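As structure tokens, the structure follows; a few thoughts come after it.
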Amino acid sequence: MELVIMIVVALSLTALLYLIWKTGQIEKRNQNSNSETRLTTHKPDADRTSEFLSYIETTPKDRKYYIAKHCFNRLPASYELLSLLWKLHQETLSESMPAILQRDMIQDMSAAIATYRQVCNIEDIEKSNSISEELEQLSSKVLERLQREGIELVKRQLFRLRELIDVLSDDPDNRETLRELKKLDNSLNKELIEAIPELLTEYRQTSDALVSIFTHKKDDEQEIIEKKEQAYNLKAIKNHKLALEKFEEKKRDIKRGSGLKKIVNLIGGWDNRHLLPSTISYTNTIYGTIFSKLNKEAQLSITELMVHEKKKLL
């Protein structure tokens, strides 16, 4: 019995020792794993940068810049990727490229530098200074080119405006020309025009020429209106004179209301807005003379007829 008890105790001790050993192995593995984890959190960027650089190197030339942008966006704290991106940026940004696209690329590069400075180690911030300075110089050149191209565009637009004004000088009511002129004027870069004295002077001269056309047109229209009003006044005077003559011829009948319609056709419906003060004075005198010689029933009739008489247009 004692032998059995001793065997059981021995097995228990053996199991306990094995459990202690096993626990030690697990803790050792956990420590190694934690150590490896710490290593991978401190060194992965360097490894990934190397991988990205190798990948960019094998990329076709026409895609290198765009792949480099993508890689930098994945690792924005990498100065090596930022430096390579700048190098490829300079190679891609050719003189033949439209200035607008050059400006957009410069803005992208400027944004990349700003992102790098936000996430990189403090001691690495100054690494990007030389790239930033070169980018500013390039930006100045592109802005100068944009301004030159803008000035040339405005000059061409102003030249076209003068051509349209020449057309309008012969045909002020040409609607197609007027629509094109309005559209072209709205598309002008007014801020640039105001900033360049030469363009501002030219634009003002062009505007003055346009105003002159419509001023003359207005004067011509006014002259036409004046001639129409003159004819309108003369006709009013003539009709009132004729009405008085007809009234005198058939005074007895008209006094009783007979033939009033013909008289009203001559003296009614005139628009005082188009009559001169002297004409109004004359026509009122004629009307007053006829009205005063009518009996009360005829006076009512002529008043009603005058109200309903159709307006005489200019």
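The values are calculated or read from the model by the stated rules, or taken from the named source; none is laboratory data. For clarity, every value in this text was computed on a predicted model and none was experimentally measured. Positions of Cβ are generated from backbone atoms using ideal geometry, with glycine treated the same way; all protein chains shown enter the neighbour counts.
Among the residues here, Glu123 qualifies as assigned by TED's automatic domain parsing to the domain that holds Arg74, over 25 Å from Glu91 (Cα atoms) and among the acidic types (Asp, Glu). Residues of the range 80-105 that are in a loop (DSSP other than H, G, I, E, B) and under 19 Å from Ser140 (Cβ atoms): Leu93, Ser94, Glu95, Met97, Pro98.
When every residue of the range 140-152 is checked against the conditions, at least one turns out to be among the acidic types (Asp, Glu) and in contact (Cβ under 8 Å) with a residue 12 or more places away in the chain.
Under the condition of being under 59 Å from the mean Cα position of the chain (by Cα) and either exposed (fewer than 11 other Cβ atoms within 10 Å of the Cβ) or in a helix (DSSP H, G or I) (or both), the residues counted in the range 288-313 number 8.
Here Asp173, Asp185 are screened, and the one residue that is assigned to a helix (DSSP H, G or I) and of a type in the set (Asp, Glu) is Asp185.
Taken together, the residues in the range 116-144 that are in contact with a helix residue (DSSP H, G or I) (Cβ under 8 Å, 6 or more places away or on another chain) and among the hydroxyl-bearing types (Ser, Thr, Tyr) amount to 4. Highlighted here are the helices (runs of 4 or more DSSP H) found entirely within the range 190-264 that include at least 3 residues which are outside the structural domain of His274 (by TED's automatic domain parsing), under 35 Å from the mean Cα position of the chain (by Cα) and modelled with pLDDT of 80 or more: 190-195, 197-249. If you go through the range 153-172 and keep only what is without any contact (Cβ under 8 Å) to a residue 24 or more places away in the chain and either in contact with an Asp or Glu (Cβ under 7 Å, 6 or more places away or on another chain) or not aromatic (Phe, Trp, Tyr) (or both), you end up with Arg156, Glu163, Leu164, Asp166, Val167, Asp170, Asp171.
Checking each residue in the range 54-90 for being charged (D, E, K, R) and under 34 Å from the mean Cα position of the chain (by Cα) picks out only Lys69.
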